Amino acid sequence: MKVSVVKYNAGNIFSVINALKRLGVEPLWTDDAVELQSSDCVIFPGQGEAHGAMQYLRERGLDRVIKGLKQPVLGICIGQQLMCSHSEEGDTDCIGIFPMDVKRFQPVSHEDKIPQMGWNSLSFGEEDKRSPLFKGLHEGDYVYFVHSFYVPYDERYTIASTHFTLDYSAAIHRDNFYATQFHPEKSGRVGEQIIRNFLDMHNP
């Protein structure tokens, strides 16, 4: 199985690569369009700032390449946000796979620390409608988050939600595109299962 990780100017890439290696997968870290298009699965991870990331992607045509991919694609953290239409971070137009706008957290009380950093529980909604991305998980399982911006809850695309100042999208899905705001590669057993589930989606 050929798994590619999108190479661009975002941090935290190597923790994803190491998580894949722990599952026995030797991923390709690449920004080459042909390599990405010929992969069985593509992961679009990262931590960073939306405006600079989008500028880098556009200069190399990677925004169009990612949007045109036909195989399973998993966005992580800033990867999820960049797959949306627009981000309040730097008033940035993004790739536009999901017609959703990324918002900045607004503290509700003095206890609310931005960025949100730490473990939050997941809610999947009705069990018979649970996404295959979460096969083998349990309602309330915890995963690791670190972010200042969020994707609002949207019943069309949200496949898992969580709460910090408000309910928002912990994970979204449209066609062959999946994305998580949390970091599965830093979420222990639960995150490892999510990555394994994603890899199982490919059609060799």
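Values computed for the structure shown
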read-out: Linear extension gain, ARG130 paired with SER15, 0.36 nm per residue minus alpha-carbon span; value: 38.7 nm
read-out: Cβ-derived FRET efficiency at R0 25 Å, ASP175 paired with SER121, nearest 0.05; value: 0.35
read-out: Gaussian network model of the chain, springs between alpha carbon atoms under 10 Å - residue of ASP63, ASP175, ASP93 with greatest fluctuation; value: ASP175
read-out: Protein accessible area in the chain, 1.4 Å probe - carbon and sulfur %; value: 47
read-out: Accessible area in square angstrom per residue, the chain, 1.4 angstrom probe; value: 46
read-out: Calculated Cα Rg over 2.2 N^0.38 Å (choose from [x] 1.08; [y] 0.94; [z] 1.18), label; value: [y]
read-out: Listed residue pairs exceeding 18 Å between alpha carbons, taken from LYS7/LYS67; LYS2/LYS186; LYS21/LYS186; value: LYS2/LYS186
read-out: Where labels lie 7 Å past Cα in the beta-carbon direction, separation of MET1 and GLU88 in nm; value: 3.7
read-out: Global geometry of the stretch 1-79, whether rounded, prolate or oblate, following the gyration tensor of its Cα atoms and the 1.5 cut on a/c; value: oblate
read-out: Gain upon complete extension [ASP101, ILE114; 0.36 nm per residue less C-alpha separation]; value: 2.8 nm
read-out: Cβ-derived FRET efficiency at R0 22 Å, VAL25 paired with VAL146, nearest 0.05; value: 0.35
read-out: Within the stretch 163-190: backbone nitrogen closer than 18 Å to the ARG196 label point (7 Å, Cα to C-beta); value: 184-190
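The values are calculated or read from the model by the stated rules, or taken from the named source; none is laboratory data. What you see is a predicted model, and the numbers here were worked out from it, not measured in a lab. Using ideal geometry, Cβ is built from the backbone for each residue, glycine included, and neighbour counts are taken over all protein chains shown. Remember, those area values only see protein heavy atoms, side chains included, never the ligands or the DNA or RNA. Shrake-Rupley method; radii C 1.70, N 1.55, O 1.52, S 1.80 Å.
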